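The values are calculated or read from the model by the stated rules, or taken from the named source; none is laboratory data. The structure displayed is predicted, hence computed values, not measured ones. Counting neighbours? That spans all protein chains shown, and the Cβs are built from the backbone with ideal geometry, glycine included.
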Amino acid sequence: MPLTGLKVSTNKIYAGHHWSKRKKDADSIVSLAGWFFRPIQRIESYPVEIRYKFFFVSRALDTTNCTYLVKCIEDALRAFEILKDDSPKFVERTIIESYQCAAKKISKEGSDQCKKNNEENEDRVEIIINQI
């Protein structure tokens, strides 16, 4: 799922990001997610692990600064009824990875994935849901 125009750091929330702006951010992510989540089937077996792999062509967010985006995406998974709930009974584990995908220099062990996900030259997130 592309993150163009949606990249918001958790630091911004701690800096006093107004609730109306947070709602607008969440609504934007749910709207965009609709294009990518509709063909996905509902998860039927729980608990699950959700792995979020962020690939940044622009300046990468620190892993923990991706948590705000993760929360909004998880809410979108619930809104589209892909997940029944996001409580620990249903989502037992969340893994967040952040990769800097520069045009010429690709760092970290996700370099092959950066190349694959860097085709459109935009920030993206890959979401993988596995039964535990």
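Here are Leu61, Leu69: which of them is among the hydrophobic types (A, V, I, L, M, F, W, C) and part of a loop (DSSP other than H, G, I, E, B)? I'd like the intermediate steps shown before the answer.
On the way: Leu69 fails: part of a loop (DSSP other than H, G, I, E, B).
Exactly one of Leu61, Leu69 is among the hydrophobic types (A, V, I, L, M, F, W, C) and part of a loop (DSSP other than H, G, I, E, B), namely Leu61.
So which residues in region 89-113 are of a type outside the set (A, V, I, L, M), part of a loop (DSSP other than H, G, I, E, B) and at pLDDT below 95, if there are any at all?
Keep residues of region 89-113 that are of a type outside the set (A, V, I, L, M), which gives 89-90, 92-94, 97-101, 104-105, 107-113.
Subsequent filtering for residues that are part of a loop (DSSP other than H, G, I, E, B) retains 89-90, 104-105, 107-110.
Matches in region 89-113: Lys104, Lys105, Ser107, Lys108, Glu109, Gly110.
From the residues in region 8-43 that are touching a Cys at 6+ places or on another chain (Cβ under 9 Å) and assigned to a loop (DSSP other than H, G, I, E, B), which one is farthest from Asn121 (Cα to Cα)?
Here the residue is Ser9.
Only residues that are of a type in the set (S, T, N, Q) and in contact (Cβ under 8 Å) with a residue 12 or more places away in the chain: list them for region 17-40, please. I'd like the intermediate steps shown before the answer.
To start, the set of residues in region 17-40 that are of a type in the set (S, T, N, Q) comprises 20, 28, 31.
Passing the criteria: only Ser28.
What is the number of the single condition among (1) farther than 14 Å from Pro2 by Cα; (2) modelled with pLDDT under 85; (3) assigned to a loop (DSSP other than H, G, I, E, B) that Glu119 does not meet?
Checking Glu119 against (1) farther than 14 Å from Pro2 by Cα; (2) modelled with pLDDT under 85; (3) assigned to a loop (DSSP other than H, G, I, E, B), the one that fails is (1).
Only residues that are farther than 16 Å from Thr4 by Cα, touching a helix residue (DSSP H, G or I) at 6+ places or on another chain (Cβ under 9 Å) and in contact (Cβ under 8 Å) with a residue 60 or more places away in the chain: list them for region 49-66, please. Spell out the reasoning first.
Kept after step one, since they are farther than 16 Å from Thr4 by Cα, are these residues of region 49-66: 49-52, 62-65.
Next cut, touching a helix residue (DSSP H, G or I) at 6+ places or on another chain (Cβ under 9 Å) only: 50, 52, 62, 64-65.
Residues satisfying the conditions are Ile50, Tyr52.
Each row is one residue, and each column tells you yes or no for (1) at pLDDT 90 or above; (2) of a type in the set (A, V, I, L, M, F, W, C).
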| position | (1), (2) |
| --- | --- |
| Leu3 | no, yes |
| Lys7 | no, no |
| Lys12 | no, no |
| Arg22 | no, no |
| Glu44 | yes, no |
| Pro47 | yes, no |
| Val57 | yes, yes |
| Ile73 | yes, yes |
